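The numbers here are math on the coordinates, done by the rules we state, and not lab data. Just so it is clear, the model here is predicted, and its values are computed rather than measured. Cβ placement follows ideal geometry from the backbone for every residue including glycine, while neighbour counts extend to all protein chains displayed.
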Amino acid sequence: WPAPDHTGAGCFLAHSGLGGTVCMSQITFEPWNDPSAKPLIEFKGVTKRFGDFTAIDNQTFDIYEKEFFALLGPSGCGKTTMMRMLAGFETPTSGKILLSGQDIAPIPPNKRAVNMMFQSYALFPHLSVWENIAFGLKRGTMPKDEIAARVEQMLKLTRLEKFAQRKPHQISGGQRQRVALARSLAKAPKLLLLDEPLGALDAKLRQDTQFELMDIQEKTGTTFVIVTHDQEEAMTVASRVAVMDDGRIIQADTPAHIYEMPGSVYVADFIGDVTIFEGRAKRAEGGYHIAFAEGHDSLFAASDLDLSEGQTAYLAIRPEKVMITPERPEGARNALEGKILDIAYLGNLSTYHVALSNGQIVKAQTANTRRLANRPFTWEDSVWVSWTDTAAVLLER
Ligand code: ATP
């Protein structure tokens, strides 16, 4: 098994919630920013058509070794098609997919250094956990004692030693998920494809399993490509998240960049909660004023975009960056008066929907850091929402 040298620089990686991958010794894992890094997978102008329907539209992008790459997007956007082409169950209509520099088109699925783990896990019910993990290895040329050693290693990695002799129906859903993972990793593939790997688990177990999955991915150094519907899951586990729409990757970036620096309204809106103001841009020092409605002051956003005078632009602001106060805060450039329409209490957070006089809703979120604090605002209260000059992102489209 390759030594767990996660970055090639002796660096140990940790994941941190929405922040993506953080390196403990300050050396960041960002091969996509390193021009000398060789990608493990290269999509080169890949198009996939089913009849006259284009499922994947001329996509060119790279995935690097040891990445945990998440494909995220609405139903039907092409995530599974992307995976199936990597696994070899579909071939591109045009374009090429390279694995370690080699075109994979002529290589049959079972000969690729790629494995796919399905949502259903597809375990053999009549075989024990041990035999399930050994199954793929036994079909190869590996000597018996090496197979046994590898199975033991996999059991240890996935903490299943105690369950080796049980059948799949004698273990829990989370344990079955780990058996499927152990089996997929047994042959040490270069690339593991995971299609909704945690879909069958309940919310709490799912969260724990996300951390386990990250841990196992880091220990083995295998490149993971995951398809998920759950944006929080993608943000938690992935080194990069690719947000897809209509057969195209709209933005592929670290979770933190996707969240804080979305490149379009589509991405800002798809990941997390956001309020979008559409307005006309007027250049100002260090950014733009955005006139968004009659009777409201224009908003200001720091930005290096190059917009023409009067161009339509979109100001995107995340709810946790919006302050909510009973009075207009002194000196705030971005302050709007409105009425509280809705309050969502989530335990740790409260989200307020504040309606402006033009009908626009602004979302503001506060952290409930004190257990017994009185809820300061209630429905129909007149309040001010405000944010700093750099809190919002200005977008062209
Ligand atoms: P979901 O999240 O619902 O699984 P997805 O993003 O994985 O969706 P795909 O399964 O990749 O989407 O499908 C992309 C598009 O291609 C869909 O519109 C689908 O109907 C179409 N498609 C997929 N496979 C075929 C096929 N064999 N024949 C015709 N159309 C197909």
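For the reader, a short list of remarks on this structure follows.
- Ordering of 133-140, 295-302 by packing is 295-302, 133-140, highest average first (other Cβ atoms within 10 Å, averaged per residue).
- Three-way shape label, region 46-130, alpha-carbon gyration tensor, a/c 1.5: prolate
- Ordering of 189-201, 327-339, 74-86 by packing is 189-201, 74-86, 327-339, highest average first (other Cβ atoms within 10 Å, averaged per residue).
- Each residue of region 59-64 was assigned a 3J(HN,Hα) from its phi angle through the Karplus curve 6.51 cos²θ - 1.76 cosθ + 1.60 (θ = phi - 60°); the sequence is 9, 10, 6, 10, 10, 9 Hz, with glycine and proline shown as x.
- Neighbours of ALA134 by Cβ distance under 15 Å: Lys/Arg scored +1, Asp/Glu scored -1, total +4.
- Pairs from LYS96/LYS190; LYS96/LYS156; LYS38/LYS111; LYS38/LYS187; LYS111/LYS219 whose Cα-Cα separation, in the structure shown, is over 29 Å: LYS96/LYS156
- Global geometry of region 269-387, whether rounded, prolate or oblate, following the gyration tensor of its Cα atoms and the 1.5 cut on a/c: prolate
- The magnitude of the dipole of the chain, with charges of +1 and -1 set on the Cβ of Lys/Arg and Asp/Glu and taken from the Cα centre, is near 1900 debye.
- DSSP bridge pairs, the chain: antiparallel proportion in percent, nearest 5: 80
- Considering only VAL385, TYR352, HIS289, the residue lying farthest towards the positive end of the dipole of the chain is TYR352, judged by Cα position with unit charges set on Cβ.
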